[in-house]
Amino acid sequence: MVPAALEGVEPDCVMIPSGLYAVTVHFGSSEMIGPVWEKWMTEWLPASGWECDYSRPNYEWYQNRLDNQELLLTFLVTAVKRKM
């Protein structure tokens with residue numbers, strides 16, 4: 001059964017290419033996602049033994065939609081490959 005609020009709404013569908021992805025979790029407002037991405041990509045990734053695989057997209061996967069921004073949960077997903 002489709003909730004009334006979603007009646008007639010077409011979902012957005014995106015095909016995500018297969019491969020390895022590294023994931024970190026962000027709790028809090030979407031305003032702070034930029035700094036978290038920055039730290040993730042400039043600190044964790046270079047020290048991890050992995051590198052970004054630019055042939056595939058990085059993306060944000062929003063887990064909930066709440067009025068209280070401090071309770072938002074977002075997965076930051078980075079396509080990776082082993083460093084050569």
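The values are calculated or read from the model by the stated rules, or taken from the named source; none is laboratory data. Because the structure is a prediction, the values reported are computed rather than measured. Cβ: placed from backbone, ideal geometry, glycine included. Neighbour counts: every protein chain shown.
Can you find, within segment 11-25, the residue that is modelled with the lowest pLDDT among those that are over 13 Å from S55 (Cβ atoms) and aliphatic (A, V, I, L, M)? Step through it out loud before you land on a result.
Taking segment 11-25 and keeping what is over 13 Å from S55 (Cβ atoms), we get 11-15, 22-25.
Still in the running and aliphatic (A, V, I, L, M): 14-15, 22-23, 25.
Details: V14: 75, M15: 83, A22: 97, V23: 96, V25: 93.
Per the stated criteria, the residue is V14.
Take the residues in segment 49-79 that are exposed (fewer than 11 other Cβ atoms within 10 Å of the Cβ) and modelled with pLDDT under 85; name whichever of them is farthest from F27 (Cα to Cα).
D67
Quick check on G8: is it at pLDDT 90 or above, at positive phi, assigned to a loop (DSSP other than H, G, I, E, B) and of a type outside the set (K, R)? Even if it seems obvious, please write down each step before you answer.
Working: at pLDDT 90 or above: no; at positive phi: yes; assigned to a loop (DSSP other than H, G, I, E, B): yes; of a type outside the set (K, R): yes.
No; evaluated as a whole, the condition is false for this residue.
Scan segment 20-60 for residues that are of a type outside the set (S, T, Y), outside any helix (DSSP H, G or I) and either without any contact (Cβ under 8 Å) to a residue 12 or more places away in the chain or in contact with a Leu (Cβ under 9 Å, 6 or more places away or on another chain) (or both) and jot them down. Steps first, please.
Start the filter on segment 20-60 by keeping residues that are of a type outside the set (S, T, Y), which leaves 20, 22-23, 25-28, 31-41, 43-47, 49-53, 56-58, 60.
Remaining after also requiring outside any helix (DSSP H, G or I): 20, 22-23, 25-28, 49-53, 56-58, 60.
Matches in segment 20-60: A22, V23, V25, H26, F27, G28, W50, E51, C52, D53, N58, E60.
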